[in-house]
Every structure is written in C-alpha cells, then in structure tokens.
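**Q** A single structure is presented below for examination.
Every number in this text was worked out from the coordinates using simple rules, so none of it is lab data. Note that this is a predicted model, so its numbers are computed, not measured. Cβ: placed from backbone, ideal geometry, glycine included. Neighbour counts: every protein chain shown.
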Amino acid sequence: MAKKKPIIVTGAHRSGTTWVGQMIALDKNVRYIHEPFNIDEPRKHPLKYWFEYVSQNDPPERQVEIYNFINEILDFNLKGVYKDFSMIRGPRDIQRFLKDSFERIYKKPLIKDPIAIMSTDWLATRFDADVVVLVRHPAAFVASLKVKKWDHAFDHYVEQEKLMEVLAPFAEQIKLFANSEQDIIDQGILLWNIAYYRIHQFKQVFPNWIFVRHEDLSMDPVIEYKKIYERLGLNFTSMVEKNIVESSTAKKAGHLTRDSKENISTWKKRLTEDEINRIKNDTKDISDIFYSEEYW
C-alpha cells in the first residue's frame with residue numbers, strides 16, 4: 001500500500017479533472033500523476049481497455065497485477081524507479097527522473113484519471129485513497145465532445161463482461177453503438193449517462209468522498225477549492241489562492257487558464273436548440289439527480 005495516503009481526482013472525461021488535479025497539486029507537498037488508466041500513455045502496463053473495470057470480484061492474480069502497476073507509480077520503489085530510469089533518453093529525461101524520484105519519496109501522490117472512473121471504488125479501497133469526483137452538466141460535456149469531435153470505442157465496454165453487468169440498464173444501447181456508427185451528440189448522451197450512473201452509485205456507497213460540480217467551482221473557485229483543501233488536509237496558502245484566481249479569470253483561454261464563469265454557459269453557443277433538447281430529454285433520469293431545471 002502507498003506509504004502516503006493518495007488522492008484520486010476523477011469524473012467523466014471533459015469534466016474538469018485536469019484543472020482540479022492541477023489546482024490541488026499547487027500544494028507543494030502534492031505530486032501530480034497523469035492518468036495511469038490511459039492506454040495511450042507510454043507506460044508498460046496490464047490495461048487494455050478504455051475505462052477498464054477492476055473489482056474485488058476479479059481473480060486475485062489480476063488484482064495483484066493492477067495493484068502492483070499502480071503502486072509502482074505511487075511510491076519510491078525499485079520497480080517503479082527502474083521503469084522510469086529505463087525511459088531516460090537524454091539530459092531532460094535525467095532531470096525529470098531525479099525530480100520524480102525526489103517527489104516519490106517526499107510528496108503525497110495525486111492521481112488525476114477520468115479513465116479510471118469505472119474502477120475508482122476498487123482503487124480507493126485498495127490504496128486507502130481520498131477521492132474527489134467531478135460532476136459536469138450533460139450539455140457542457142456533450143458540447144465539449146462535439147467541439148473535439150471525439151468518437152468513442154463502445155466495443156471497449158462490450159468486451160468487458162463484468163462491466164456490462166454493472167452497466168446493465170445501458171447494455172443494449174452500448175451494444176448497438178458498438179456495432180453501428182452513431183451521431184456524436186447521441187454518443188455523448190450515452191457516455192454521460194454511463195459515467196454519472198456509476199458516479200451516482202459511488203455517491204450512495206461512499207458518502208465521505210468529495211463530489212463537486214464543475215459549475216460550483218467555476219462560479220466561486222477560491223471558496224470551493226478552499227473547501228476541498230480543508231477536507232483533504234492540505235495547506236491553502238496565499239500563493240495557492242493567487243494561482244487559482246489566475247487560472248479561472250484569464251480572458252484568453254489557455255491549457256489551464258479560463259474565464260471560469262463564462263465557461264459555464266459556453267455550451268449554449270456550441271449546441272443547437274434541437275441538440276440541447278435531445279440532451280435534456282435523454283439524460284433526464286440521471287441529470288435530475290445532479291441538476292435542477294434552472295441549470296438548463
């Protein structure tokens with residue numbers, strides 16, 4: 001088990017997990033780790049699916065395999081250090097290796113990973129982690145996918161039989177989407193429903209997890225982030241506050257800067273009225289749990 005209690009920041013992809021992870025990692029004692037469950041990352045790992053599902057019902061050897069993979073990333077240990085060392089190709093890699101080794105020893109690890117959303121309960125239990133879960137409005141989520149033109153490989157769900165059991169209410173629709181090309185709006189609606197159906201399950205079982213809406217963070221970043229820092233036992237310094245303000249008030253959006261208040265309603269410009277109505281109607285059963293009518 002990790003020597004320092006880890007933090008997991010997750011939620012649906014395109015829900016603000018990068019922003020939140022980076023803002024929490026402003027604490028000088030926190031080490032930011034990018035998406036261990038991302039199968040496109042250049043890591044040697046045992047994962048093969050997008051949104052891979054790992055549970056306590058998996059064979060023990062499978063759980064040990066995934067546990068060891070994550071543990072090697074979290075802590076200063078010979079296997080993890082050796083893997084990092086083997087990827088050195090030049091002077092910059094050496095600097096990165098030394099910095100990472102120092103942080104492994106002295107800092108609390110923070111895993112930012114929306115791709116791990118299906119397995120967050122297993123991760124949190126096995127590593128005794130604090131968890132922050134982002135919630136984002138369905139129209140904002142779908143609009144983001146529309147702009148990015150991000151299609152999803154739904155066969156990655158279908159090929160995971162145990163995950164399909166967890167997602168039973170959506171099983172037939174997932175199979176349909178895996179076998180035929182679908183409109184990006186409909187893909188986004190299904191992805192949002194799947195993610196927040198799972199998150200609603202977590203909310204019922206893990207009341208001590210931190211569930212935060214992207215919109216609340218965007219409206220009042222300083223107050224909302226301070227609450228998160230307090231619950232995680234982190235140090236909310238004046239420098240942390242300064243960086244949070246800068247990240248959320250930029251007039252020109254960058255990788256981690258935005259006008260957060262304006263960003264809340266950007267989806268209204270990116271979606272047609274028909275698309276908004278489709279999203280509202282087709283996510284209603286789950287979105288009503290998180291958002292009242294005023295948010296539409």
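**Q** When ranked by the protection proxy of mean other Cβ atoms within 10 Å per residue, highest first, what sequence do the peptides 56-66, 171-181, 129-139 form?
**A** Ranking the peptides 56-66, 171-181, 129-139 by packing returns 129-139, 171-181, 56-66.
**Q** Just want the answer: with Cβ charges of +1 for Lys and Arg and -1 for Asp and Glu, which residue in ILE88, TYR291, ASN57 is farthest toward the dipole's positive end in the chain?
**A** The Cα lying farthest towards the positive end belongs to ILE88.
**Q** When the helices in the chain are scored as -39500 (n - 2.57) per DSSP H run of 4 or longer and the sum is shared across all residues, what 222 nm value do you end up with, to the nearest 500 deg cm²/dmol? Working shown, then result.
**A** Numbers: 16 runs with 163 residues, N = 296.
Mean residue ellipticity, 222 nm, calculated: -16500 deg cm²/dmol.
**Q** Nearest-5 percent of antiparallel DSSP beta bridges in the chain?
**A** On the way: 1 of 18 bridges.
In the chain, DSSP labels about 5 percent of beta bridges as antiparallel.
**Q** While we're on this one: Quick check on the chain: take the gyration tensor over C-alpha atoms, sort the square-rooted eigenvalues as a ≥ b ≥ c, and tell me if it's rounded (a/c under 1.5), prolate or oblate.
**A** Oblate.
**Q** Compare the Cα positions of ILE8, VAL135, SER247 along the charge dipole of segment 7-295 (+1 at Cβ of Lys, Arg; -1 at Cβ of Asp, Glu; about the Cα centre) and return the one farthest towards the positive end.
**A** Among ILE8, VAL135, SER247, the one farthest towards the positive end of the dipole of segment 7-295 is SER247.
**Q** I would also like to ask the following. Taking the Cα centre of each part, how many Å lie between segment 145-164 and segment 256-296?
**A** 21 Å
**Q** Also: Work out how far the C-alpha atoms of segment 191-284 reach from end to end along every principal axis, then list the three figures in whole Å, largest first.
**A** For segment 191-284, the Cα spread along each principal axis is 45, 39, 18 Å.
**Q** Under unit Cβ charges (Lys, Arg +1; Asp, Glu -1), what dipole magnitude, rounded to 20 debye, does the chain have relative to its Cα centre? Write out the running numbers ahead of the final one.
**A** Values: 44 positive and 44 negative charges, 277 e Å.
Here the size comes out at about 1320 debye.
**Q** Now for a different question. For the peptides 9-20, 37-48, what is the packing order when you average, over each peptide's residues, the other Cβ atoms within 10 Å and list the highest mean first?
**A** 9-20, 37-48
**Q** Along Cα→Cβ, 7 Å out, is where each label goes; now give me the distance between the ones at GLU61 and GLU293 in nm to one decimal.
**A** For the pair GLU61/GLU293, the computed spacing is 5.8 nm.
**Q** Next question. Please compute the modelled spin-label separation between GLU161 and GLN201, points set 7 Å along Cα→Cβ, answer in nm with one decimal.
**A** 1.7 nm
**Q** Okay, next question. Can you give the relative contact order of segment 7-295 as a percent, counting alpha carbon pairs under 8 Å and 6+ residues apart?
**A** 25 percent
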